[in-house]
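The values are calculated or read from the model by the stated rules, or taken from the named source; none is laboratory data. Quantities reported herein were computed from a predicted structural model and do not represent experimental measurements. Backbone-built Cβ (ideal geometry, glycine too); neighbour counts: all protein chains shown. Calculation scope for accessible area: heavy atoms of the full protein, side chains included, ligands and nucleic acids excluded. Shrake-Rupley method; radii C 1.70, N 1.55, O 1.52, S 1.80 Å.
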Amino acid sequence: MKKKILFWIDGDTTSFSIPYYLKEKLDFEAYAIIDTPNKPKKFYKEQNFINFNKFWFYHDFFDFSNLKPDIDYLRNFEKKFKINLWELAVNERTFHRFNHFYKFSNEEILKILETECKKFEEIINEIQPDFYISLDPNFHHDELLLKLLQNYGTNTMIINQPNFKKTIISKITRYMDECNLESISDSKRSFSELQEELKKYDIFKHGIKQRKFFKTSKIDLLKSAFYYLFKYDNSNLKTHYTYFGRTKFKVLFYNLKSQFLKSKRQKFIDNNLEKNFNQNENFIYFPLSVDEERNILLSSPLYTNQIEVIRSIAKSTPPGYTIYVKENPSQSIRYWRSIEEYQNIQNIPNVKLLHPSVSNEKLNKNCSLLISISGSAGFEAAFYGKSSIIFADLGYEILSSVTKINSFSELSSTIRNSIEKENNPSDLDKYMKLLDREGVDFDIAQIQMNYQKLFFNSGWIADLEIPHEKMKLFLNENKSLFTELIEKLYGKINSKMTS
């Protein structure tokens, strides 16, 4: 009997490519929930690359003519599945302070949640999928579906990149399914030898590559602006709650304002953030995370206010240590932070705010401790023998150098213990070997840049039709980039089917 696989397709060709290539190796019933603007819907309805047994368009679920939410249903849903709905909703970027176009009422948010919960339950009960395959969830709704499927006992396979080195396929995002260091032999590599492994994949240069690509092409900007102003029908305003309030005037004004603010903020950063630091000073290193990303909103839902986290660290730091906070270079994609936010950080006693160009390697080498809300910063610190404190559930927390805390009340004692801790490279060496075994070479960022360039004017506009001939070209040209991933996915599915 064929296995049933449910896919989450978020309107990009990366998530669409996975079932296409998997079909070449495995015979299965394919189902999909597709989250896309209106214009690409035509492609998904007419395409013959994948023969879906059934698919649903996420935004077709909603009817906003009746905004009265069923509170009893939502309460029972939370109780039954142990899912905190408001935690997801408050951290949803569409409902969050990052939405500059529309303010959702509580009733609208609850109605959206109710509709999602009911529809997801209906789909799961209808098809009873054996497997669920998705890229890392970035929004509340795909995170909600993942949590719900896990409650139902579905085999979830999330394609995610928890570290600098490899992409993994795992039941829980950021965690390898097999993560027992005791079963791995130690290669006796030193920290300096492990650092060479780290340098093979230069995260800083990789980030520069993405920043230089995303929304930087002036030709694509002019093409997109002309299309948007004179040809775009803006139909999503009525059908997609994620587009509510996005009139052409508001969008144009916001983009012009954002470019102006980005330039103004860049000048402030260059003139006011410190470009050098005292390497002989005892300091705690806190790298800022990019706002409006999964690392903050979904991975660490109770610690989304980074300024308050820094303030709590400052209150918990022992005498004789300074806190160095470094801006994330990738924050430029979000037009940097407001000048007021930078000033608020600078005004915290015993805190120095560093320029984004300051070397991560030098900071890691010379810090006494690294504290990070989420992301791979704590993992990188381990290569330099440095302890780290994190606030999110991350797979590398099994390293002896890493401590995950659950509340600010733990900070003071954990900081003191972590500073005094002496680390050895043994478990990092083992973890790297495990990552080599469990992970695959799959450059999600490169593939996303490829499809953005081919289909969506380098990221400037997302609601464009997807021509069949372009999709065929993409699938042919990028097949080699998916080879390892599909082999690993096929192996994991086979092992579940035979176990």
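Filter the stretch 53-75 for residues that are open to solvent by 90 Å² or more (accessible area, probe 1.4 Å) and among the acidic types (Asp, Glu); which is farthest from the chain's Cα centre (by Cα)?
Residue satisfying both the conditions and the ranking: Asp72.
How about the stretch 253-279: which of its residues are free of Cβ contacts under 8 Å to residues at least 40 places away in the same chain and either in contact with a Lys or Arg (Cβ under 9 Å, 6 or more places away or on another chain) or closer than 28 Å to Ser376 by Cβ (or both)?
Passing the criteria: only Asn278.
Within the stretch 331-358, take every residue that is in a loop (DSSP other than H, G, I, E, B) and open to solvent by 40 Å² or more (accessible area, probe 1.4 Å) and give me the one that is nearest to Lys267 (Cα to Cα).
Per the stated criteria, the residue is Ser357.
Look at the stretch 228-244 and say how many of its residues are open to solvent by 40 Å² or more (accessible area, probe 1.4 Å), closer than 20 Å to Phe57 by Cα and either in contact with a Lys or Arg (Cβ under 8 Å, 6 or more places away or on another chain) or part of a helix (DSSP H, G or I) (or both).
Qualifying residue count for the region: 4.
Would you point out the residue of the stretch 420-449, among those that are farther than 23 Å from Tyr175 by Cα and modelled with pLDDT of 85 or more, that is surrounded by the most Cβ atoms within 10 Å (Cβ to Cβ)? Let's see the steps before the verdict.
Looking only at the stretch 420-449, we keep the residues that are farther than 23 Å from Tyr175 by Cα, and these are 420-422, 449.
Now narrow it down to the ones that are modelled with pLDDT of 85 or more: 420-422.
Working: Glu420: 10, Lys421: 14, Glu422: 8.
Checking each candidate, the answer is Lys421.
When the residues of the stretch 14-30 are narrowed to those that are touching a Lys or Arg at 6+ places or on another chain (Cβ under 8 Å) and over 20 Å from Thr498 (Cβ atoms), which ends up surrounded by the most Cβ atoms within 10 Å (Cβ to Cβ)?
Per the stated criteria, the residue is Ala30.
Looking at the stretch 396-419, can you tell me whether even one residue there is open to solvent by less than 50 Å² (accessible area, probe 1.4 Å), acidic (Asp, Glu), closer than 21 Å to Ser185 by Cα and not in a loop (DSSP other than H, G, I, E, B)?
No, because not a single residue in the stretch 396-419 is open to solvent by less than 50 Å² (accessible area, probe 1.4 Å), acidic (Asp, Glu), closer than 21 Å to Ser185 by Cα and not in a loop (DSSP other than H, G, I, E, B).
With respect to Glu122, is the statement that it is open to solvent by 30 Å² or more (accessible area, probe 1.4 Å) and under 24 Å from Lys68 (Cβ atoms) true? I'd like the intermediate steps shown before the answer.
Details: open to solvent by 30 Å² or more (accessible area, probe 1.4 Å): yes; under 24 Å from Lys68 (Cβ atoms): yes.
When the stated conditions are applied, Glu122 passes them.
Could you tell me which numbered condition Tyr285 fails, if it satisfies all but one of (1) in contact (Cβ under 8 Å) with a residue 60 or more places away in the chain; (2) assigned to a helix (DSSP H, G or I); (3) buried (at least 16 other Cβ atoms within 10 Å of the Cβ)?
Only one criterion in (1) in contact (Cβ under 8 Å) with a residue 60 or more places away in the chain; (2) assigned to a helix (DSSP H, G or I); (3) buried (at least 16 other Cβ atoms within 10 Å of the Cβ) is unmet by Tyr285, namely (2).
Out of the residues in the stretch 187-202 that are modelled with pLDDT of 90 or more and assigned to a loop (DSSP other than H, G, I, E, B), state the one that is most open to solvent (accessible area, probe 1.4 Å).
Lys188
Quick check, is Lys42 assigned to a loop (DSSP other than H, G, I, E, B) and either among the charged types (D, E, K, R) or open to solvent by 80 Å² or more (accessible area, probe 1.4 Å) (or both)?
Values: assigned to a loop (DSSP other than H, G, I, E, B): no; either among the charged types (D, E, K, R) or open to solvent by 80 Å² or more (accessible area, probe 1.4 Å) (or both): yes.
Judged against the criteria, Lys42 is not a match.
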